[in-house]
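The values are calculated or read from the model by the stated rules, or taken from the named source; none is laboratory data. None of the values given here were measured: they were computed from a predicted structure. Because the Cβ atoms are built from the backbone with ideal geometry, glycine has one as well, and the counts that use them run over all protein chains shown.
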Ligand SMILES: NC(=O)c1ccc[n+]([C@@H]2O[C@H](COP(=O)([O-])OP(=O)(O)OC[C@H]3O[C@@H](n4cnc5c(N)ncnc54)[C@H](OP(=O)(O)O)[C@@H]3O)[C@@H](O)[C@H]2O)c1
């Protein structure tokens, strides 16, 4: 049983299909019922044997994340893998219904909350795995704990990089808290992938993306490391690592600061009322 968030597009959509092709029961998460149903049908067309269920939630809303976690816990007896894939970048500063900066809320607080709420379900199927899609964009990022909501000056790319650094702090801190490895926690960079990412935002990013995509890899290639971390026996018991092209690699020096990771965990728990 594998839950893939953001499985209606891009890397998540391909990863969900590939995992279904390998015989996994896939729980396909989307935020739009029509897109999710269209994705489910396309998956079954490509993989007639696919065993797939659909769940819906707008992950920018904490109430929706909580409702999703409770629906998954009620409908399914256990979870083998949670793939935290949904994510986006925003050209201008937006706030969620919870009054939080959108990038932080969607890219970091949503997977933080969802994972914590699904930990019991994962433990039930242990050994289980949490796979979080980070990005090489974290490399130059640093967090300002005095302005996590980026109220003082906003740059979409900088804030996106920070949210992906949060993904790494979260991944490493979760691995430490799950000491013993019955549930593992790893992150990955999928590469620069030609998906819808950044295209719907308009602005400079929206204009540049189609050009930049000439140099990007396909969603099929981008999904490879997700599938590897979710399904390969080679990473059984491996935890607290960052992967690129199916290999463990070093993330930025800042991302290994355990004190910042612990602090972010505590702030995130407060911001999500965990
Ligand atoms: N593309 C790259 O080069 C690249 C590089 C490094 C890391 N990544 C990471 O890879 C992950 C997947 O991105 P992608 O490239 O596959 O982009 P994508 O094609 O835009 O897919 C993003 C997915 O997230 C979902 N999503 C966005 N906002 C959501 C919300 N509020 N609630 C629920 N779901 C939401 C989207 O749903 P809809 O279909 O409804 O829009 C879509 O399924 C992201 O975490 C991204 O940061 C991408």
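Which one is surrounded by the most Cβ atoms within 10 Å (Cβ to Cβ) among residues in region 94-105 that are more than 9 Å from the ligand (Cβ to nearest atom) and under 10 Å from residue 60 (Cα atoms)? Working first, answer last.
If we filter region 94-105 for residues that are more than 9 Å from the ligand (Cβ to nearest atom), which is where we start, we get 94-95, 97-101, 103-104.
Filter once more, keeping what is under 10 Å from residue 60 (Cα atoms): 95, 97-98, 100-101, 103-104.
Details: 95: 13, 97: 12, 98: 15, 100: 20, 101: 22, 103: 29, 104: 22.
That would be 103.
Filtering 91, 87 for residues that are within 16 Å of the ligand (Cβ to nearest atom), in a loop (DSSP other than H, G, I, E, B) and at pLDDT below 95 leaves a single hit, 91.
Take region 207-234 and flag every residue that is in contact with a strand residue (DSSP E or B) (Cβ under 8 Å, 6 or more places away or on another chain) and without any contact (Cβ under 8 Å) to a residue 60 or more places away in the chain. Lay out the reasoning, then the answer.
Filtering region 207-234 for residues in contact with a strand residue (DSSP E or B) (Cβ under 8 Å, 6 or more places away or on another chain) gives 216-219, 221-222, 225-226, 228-231.
Once the filter is applied, which keeps residues that are in contact with a strand residue (DSSP E or B) (Cβ under 8 Å, 6 or more places away or on another chain) and without any contact (Cβ under 8 Å) to a residue 60 or more places away in the chain, region 207-234 yields 216, 217, 218, 221, 225, 228.
With 169, 154 as the choices, which residue is away from the ligand (no atom under 13 Å from the Cβ), buried (at least 16 other Cβ atoms within 10 Å of the Cβ), over 24 Å from residue 39 (Cβ atoms) and under 18 Å from the mean Cα position of the chain (by Cα)?
Values: 154 fails: under 18 Å from the mean Cα position of the chain (by Cα).
Matching residue, one of 169, 154: 169.
Yes or no, residue by residue, for (1) surrounded by 15 or more Cβ atoms within 10 Å (Cβ to Cβ); (2) touching a residue at least 24 places away in the same chain (Cβ under 8 Å):
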{"site": "6", "(1), (2)": "yes, yes"}
{"site": "12", "(1), (2)": "yes, yes"}
{"site": "22", "(1), (2)": "no, yes"}
{"site": "40", "(1), (2)": "yes, no"}
{"site": "47", "(1), (2)": "yes, yes"}
{"site": "52", "(1), (2)": "yes, yes"}
{"site": "66", "(1), (2)": "yes, yes"}
{"site": "76", "(1), (2)": "yes, yes"}
{"site": "107", "(1), (2)": "yes, yes"}
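The helices (runs of 4 or more DSSP H) located wholly in region 173-274 that include 3 or more residues which are within 15 Å of the ligand (Cβ to nearest atom) occupy 203-212, 219-222, 224-231.
Sort out which residues of region 122-142 are part of a loop (DSSP other than H, G, I, E, B) and crowded, with 19+ Cβ neighbours inside 10 Å, and write them in order of number.
Answer for region 122-142, where residues must be part of a loop (DSSP other than H, G, I, E, B) and crowded, with 19+ Cβ neighbours inside 10 Å: 134, 135, 141.
Only a single criterion out of (1) touching a residue at least 24 places away in the same chain (Cβ under 8 Å); (2) out of contact with any strand residue (DSSP E or B) (no Cβ under 6 Å at 6 or more places or on another chain) is not satisfied by residue 16, namely (2).
Do we find a residue being surrounded by 13 or more Cβ atoms within 10 Å (Cβ to Cβ) and modelled with pLDDT of 95 or more anywhere in region 198-218? No; the residues of region 198-218 include none that is surrounded by 13 or more Cβ atoms within 10 Å (Cβ to Cβ) and modelled with pLDDT of 95 or more.
Taken residue by residue, region 129-142 has at least one member that is more than 16 Å from the ligand (Cβ to nearest atom), touching a residue at least 40 places away in the same chain (Cβ under 8 Å), in contact with a helix residue (DSSP H, G or I) (Cβ under 8 Å, 6 or more places away or on another chain) and closer than 28 Å to residue 253 by Cα. Of the residues screened, residue 180 is not one that is over 24 Å from residue 272 (Cβ atoms) and surrounded by 18 or more Cβ atoms within 10 Å (Cβ to Cβ).
Confirm whether residue 42 is within 9 Å of the ligand (Cβ to nearest atom) and either at pLDDT 95 or above or over 20 Å from residue 133 (Cβ atoms) (or both). Answer is no for this residue.
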